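Below is one structure, written out as structure tokens, with a few remarks after it.
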Amino acid sequence: MPDAFAIKTERHLPTIEDLQRLLQSHQVVTFSYSLLPEGYISDLVYSLPFHSVYNRASNKTVIISASVANEKILHKKLELFECARSFREDANHLMRLMAKTFDIDLQTLDGLHDLKYHKSHKQRGLLNEEWSYFLHGAECRFESKATGQVVEIIVVTRPEFGYLDCHFFYNFMATTERFKDLAAYFDNNYLHVCKAIDLLAHEGVLTRVSDLSIERNVIAL
């Protein structure tokens, strides 16, 4: 089976039938758009239940690829919500601890630049006896020396740090004892977790915050 097929769209977006036909012979189908009708992506999500439908809004491209079934995700929707809620609690707790320890304003992130470039060694350091941190780009990775748990977060969404990056969320799931079985259920594949986040946002189980300035804008609310 050929790996990918790019649809050259001009005036008309592909129909569900067009995509279903192409996906019988291609693992990935992509197309660009200038404007999406309301409900178009949601219709694709539910009409292509064995595929991931990713709308990359930053460059107006839709990427469709084979993935875990919708039904398998929905079977674990309550556990996924609980995991996302737990991630949010831990993320906000650790950032509050960092703010208190290093005198950082979580509303503006004043003090974070100084911690990152002047008080840390290669942007890494210790938060306390249990937790280490690594500030990188617009993110921060916390790791527990006692358990190996990883809580990696987006910091530019301040003062809320519980938004879900699918790779970070999978790592949290796979390194948190109570959620390791959930990671195994999704074949320890972070791409399956990516689809799960998106599907549960469509379902209203997780909340997509539309006015956030980045695409990683889904949270447990």
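The values are calculated or read from the model by the stated rules, or taken from the named source; none is laboratory data. None of these values were measured; they are calculated from a predicted model. Note: ideal-geometry Cβ built from the backbone for every residue, glycine included; neighbour counts use all protein chains shown. Surface areas here come from the heavy atoms of the whole protein model, side chains and all, with no ligands, DNA or RNA. Shrake-Rupley method; radii C 1.70, N 1.55, O 1.52, S 1.80 Å.
Looking at (1) under 16 Å from the mean Cα position of the chain (by Cα); (2) over 21 Å from Glu89 (Cβ atoms); (3) open to solvent by 70 Å² or more (accessible area, probe 1.4 Å), can you tell me which one His167 breaks?
(2)
Please find, within segment 45-96, the residue that is nearest to Ala174 (Cα to Cα) out of those that are among the small types (Gly, Ala, Ser) and open to solvent by 60 Å² or more (accessible area, probe 1.4 Å).
Here is the first cut: in segment 45-96, the residues among the small types (Gly, Ala, Ser) are 47, 52, 57-58, 65-67, 69, 84, 86, 91.
Narrowing further to those that are open to solvent by 60 Å² or more (accessible area, probe 1.4 Å): 58, 66.
Details: Ser58: 29, Ala66: 22 Å.
Only one residue fits best here, namely Ala66.
For segment 27-41, what are the residues that are open to solvent by 40 Å² or more (accessible area, probe 1.4 Å), over 22 Å from Ala196 (Cβ atoms) and in contact with a Ser or Thr (Cβ under 9 Å, 6 or more places away or on another chain)?
Scanning segment 27-41 gives Ser32, Ser34.
If the Cβ limit is 7 Å and pairs must be 6+ apart or interchain, which residue in segment 149-174 that is assigned to a loop (DSSP other than H, G, I, E, B) pairs with which residue that is of a type in the set (Phe, Trp, Tyr)?
Pairs that qualify, where the first residue is assigned to a loop (DSSP other than H, G, I, E, B) and the partner is of a type in the set (Phe, Trp, Tyr), are Val155/Phe161; Thr157/Tyr163; Gly162/Phe87.
Residues checked against (1) under 29 Å from Phe179 (Cβ atoms); (2) at pLDDT 95 or above:
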| site | (1), (2) |
| --- | --- |
| Asp3 | no, no |
| Ala6 | no, no |
| Leu13 | no, no |
| Val29 | no, yes |
| Leu36 | no, no |
| Asn59 | no, no |
| Ile64 | yes, yes |
| Lys72 | yes, yes |
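For residues that are in contact with a strand residue (DSSP E or B) (Cβ under 8 Å, 6 or more places away or on another chain), open to solvent by less than 50 Å² (accessible area, probe 1.4 Å) and either of a type in the set (A, V, I, L, M) or farther than 17 Å from Ile154 by Cα (or both), tally how many sit in segment 175-199. Spell out the reasoning first.
Restricting attention to segment 175-199, the residues satisfying the condition of being in contact with a strand residue (DSSP E or B) (Cβ under 8 Å, 6 or more places away or on another chain) are 175, 191, 194-195, 197-198.
The next check asks that each one be open to solvent by less than 50 Å² (accessible area, probe 1.4 Å); those that pass are 175, 194-195, 197-198.
Applying the additional criterion that residues be either of a type in the set (A, V, I, L, M) or farther than 17 Å from Ile154 by Cα (or both) yields 175, 195, 197-198.
Result for segment 175-199: 4.
Taking segment 143-164, which residues are β-branched (Val, Ile, Thr) and either at pLDDT below 95 or open to solvent by less than 50 Å² (accessible area, probe 1.4 Å) (or both)?
Residues of segment 143-164 β-branched (Val, Ile, Thr): 147, 150-151, 153-157.
Result: Val150, Val151, Ile153, Ile154, Val155, Thr157.
Could you run through segment 18-41 and say how many residues are under 14 Å from Thr61 (Cα atoms), in a loop (DSSP other than H, G, I, E, B) and among the small types (Gly, Ala, Ser)?
Residues that pass the stated criteria total 1.
I'd like the full set of residues that are under 23 Å from Cys140 (Cα atoms), among the charged types (D, E, K, R) and in contact (Cβ under 8 Å) with a residue 40 or more places away in the chain, limited to segment 196-221.
The answer is Asp198, Glu215, Arg216.
Which members of segment 101-133 meet the condition of being open to solvent by 50 Å² or more (accessible area, probe 1.4 Å) and assigned to a strand (DSSP E or B)?
Of everything in segment 101-133, those that are open to solvent by 50 Å² or more (accessible area, probe 1.4 Å) and assigned to a strand (DSSP E or B) turn out to be His121, Arg124, Leu126.
Does Val155 qualify as being closer than 26 Å to Gly111 by Cβ, among the aliphatic types (A, V, I, L, M) and touching a Cys at 6+ places or on another chain (Cβ under 7 Å)? Before the answer, list the steps.
On the way: closer than 26 Å to Gly111 by Cβ: yes; among the aliphatic types (A, V, I, L, M): yes; touching a Cys at 6+ places or on another chain (Cβ under 7 Å): yes.
For Val155, the condition - closer than 26 Å to Gly111 by Cβ, among the aliphatic types (A, V, I, L, M) and touching a Cys at 6+ places or on another chain (Cβ under 7 Å) - is met.
Would you mind telling me which numbered condition in (1) within 23 Å of Glu215 (Cβ to Cβ); (2) under 16 Å from the mean Cα position of the chain (by Cα) Leu109 fails?
Only one criterion is unmet by Leu109, namely (2).
Restricting to segment 42-70, name every residue that is over 18 Å from His192 (Cα atoms) and either part of a loop (DSSP other than H, G, I, E, B) or not acidic (Asp, Glu) (or both).
Filtering segment 42-70 down to residues over 18 Å from His192 (Cα atoms) leaves 43, 57-61.
Ala57, Ser58, Asn59, Lys60, Thr61 - these are the residues of segment 42-70 that are over 18 Å from His192 (Cα atoms) and either part of a loop (DSSP other than H, G, I, E, B) or not acidic (Asp, Glu) (or both).
Any idea which of Ala196, Ala220, Ala183 is within 10 Å of the chain's Cα centre (by Cα) and small (Gly, Ala, Ser)? Quick ask: steps written out before the conclusion?
Values: Ala220 fails: within 10 Å of the chain's Cα centre (by Cα); Ala183 fails: within 10 Å of the chain's Cα centre (by Cα).
Being within 10 Å of the chain's Cα centre (by Cα) and small (Gly, Ala, Ser) holds for just one of Ala196, Ala220, Ala183, which is Ala196.
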